[in-house]
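These notes are about the structure you will find just below.
Values quoted throughout were computed directly from the atomic coordinates according to the rules given, and no laboratory measurement underlies them. These numbers come from a predicted model, not from an experiment. Don't worry about glycine lacking a Cβ; one is built from the backbone with ideal geometry, like all the others, and counts go over all protein chains shown.
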Amino acid sequence: MNLIIDIGNTRVKAALFKERELVEVKTYNSLEKLTEDAAFYKQAERCFVGSVVGDMHYTANILSDLKGLDFFSAARPIPIKNLYQSTATLGSDRLAAAIGAYSLYPQKNILVVDAGTCLKFNFTSANAEYLGGAISPGLQMRFRALKEYTDRLPLVNFDENFEKLIGQTTEESILSGVINGFLQETDGVINEYRKTCPDLTVVVTGGDTAFLSKRLKNSIFAHPHLVLSGLNEILIYNS
């Protein structure tokens, strides 16, 4: 089996794949917590890591006991054409999500909406060309920014059931602004892409997948583990 690890800004996700079949997914607060879970990672014959944080030498040292350890980099061959102009600064999660989506919907114009720490939009053409997209703050980052960059606004906890437009308290006003702004931005970006690609396939992934799936006005496909699947596709492609 393949052990796929996605080291994000907030969490570490790990998955076991039997070829392309997703067997199990686990989430950890740190790499050290993953290495304590020997019963999980010792099932794998090889390990492939994508990371958007930290020093790769440090990461390799922490994961040194994992079999067949290898890392994704900008120089790695991939199953789609990468037309991003600054490939060295392109996050592994963005490219892996695009590859994961294209493996599910080949020969389609695909917009991946990755709703995690950041809100990321990634476009891949029907010709299997990754073009890029956009990055903006994710939900939790928006709440924290209001607290950290003002003197008196409180840190408000996200409430996925909040649906008011007009907030009648400061807390409700923040919830309305963040949640409605987040949803309007996402739907608005999708609509802009649809103007040039009416046949657009929209795939949502990331930690806020369930929330967006319920609240977006646009028709979407939800695949919460798309980055892990994409990293597995890259590993298979390089095998």
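Measuring against 30 Å, Cα to Cα, the residue pairs Lys33/Lys164; Lys120/Lys214; Lys108/Lys147; Lys42/Lys108; Lys18/Lys195 contain Lys33/Lys164; Lys108/Lys147; Lys42/Lys108; Lys18/Lys195 as the ones spanning a longer distance. If R0 equals 35 Å, the separation of the Cβ atoms of Lys147 and Met1 corresponds to a calculated FRET efficiency of about 0.25. If Lys and Arg each add +1 and Asp and Glu each add -1, what is the summed charge of the other residues whose beta carbon sits under 12 Å from the beta carbon of Lys67? That sum, taken over residues with Cβ under 12 Å, equals -1.
Based on the Cβ-Cβ distance of Leu131 and Arg46, what FRET efficiency does E = 1/(1 + (r/R0)^6) give at R0 = 41 Å, to the nearest 0.05? Calculated transfer efficiency: 0.85. For region 134-205, the square roots of the Cα gyration tensor eigenvalues, ordered a ≥ b ≥ c, give a/c of at least 1.5 with a/b greater than b/c, which places it in the prolate category.
In the set [x] -0.38, -0.65, -1.17; [y] -0.28, -0.53, -1.17; [z] -0.32, -0.60, -1.15, the label that goes with log10 I(q)/I(0) by the Debye sum over Cα atoms at q = 0.08, 0.11, 0.16 Å⁻¹ computed for this structure is [z].
For the chain, the longest principal axis of the C-alpha atoms and the axis of helix 92-104 are separated by about 80°.
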